[in-house]
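These notes are about the structure you will find just below.
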Amino acid sequence: MPPSNKEPLEQLAAEINQCRMCRLCGDGKRSVPGSGKIGANIMVVGQTPGYNEMQYGVAMSGLPGQFLIAAMSNAGISPSRVFYTYMVKGDPGKKGQKTLEPSEHTINQCKMWLEAEFSIVKPKIIIALGAVVMKEFGIKGGIQQNSGKIFVTDFGPVLVIQSPNAIMAKPVDAPK
């Protein structure tokens, strides 16, 4: 591959957009790379992009993502200090109203993209959104017992919280 004049995150995003290693990003489907800046202190990792993210190719552009960004802003965390991304870069679809969980094959195919984002951004803390993402960081137990706790992992400190989708579906869990 010839050398690129693009910044590392732009180059990585271009590679992610061309990925065809699994059915989620093949057949003309869009993949969604992370968004933010190199050196962001916080990296938020969601499970998969949703409808809006797939339409526009921008992480956290849907209602759940905007809810999360607003909640973080209310807590004094500037969006410019955060890099937003997904464990899986494509949408596994829905069955009725329920979003399907990505297959282990798909998670493994996308793992290299997430690891590349970690190595470029170098966040000080990672926020894992939901149980599926939490488990991929090697954190055992349930989301209810781990939400709000920080765990030391091979990737660095990981704060586990419930996904914005889960909180929007059950607002009573928001304080957790």
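The values are calculated or read from the model by the stated rules, or taken from the named source; none is laboratory data. Values in this document were obtained by computation on a predicted structure and should not be read as measured data. Cβ placement follows ideal geometry from the backbone for every residue including glycine, while neighbour counts extend to all protein chains displayed.
Of the residues making up region 48-99, those that are charged (D, E, K, R) and without any contact (Cβ under 8 Å) to a residue 12 or more places away in the chain number 3. Here region 96-147 is the region considered, the condition is being among the charged types (D, E, K, R) and not in a helix (DSSP H, G or I), and the residue that is surrounded by the fewest Cβ atoms within 10 Å (Cβ to Cβ) is 98. Within region 150-176, residues that are without any contact (Cβ under 8 Å) to a residue 40 or more places away in the chain reach partners that are among the small types (Gly, Ala, Ser) with beta carbons closer than 6 Å, at six or more positions or on different chains, in the pairs 153/138; 158/128; 160/128; 160/147; 161/147; 162/147; 176/147.
Residue selection: residue 45 satisfies the criterion of being part of a strand (DSSP E or B) and at pLDDT 90 or above.
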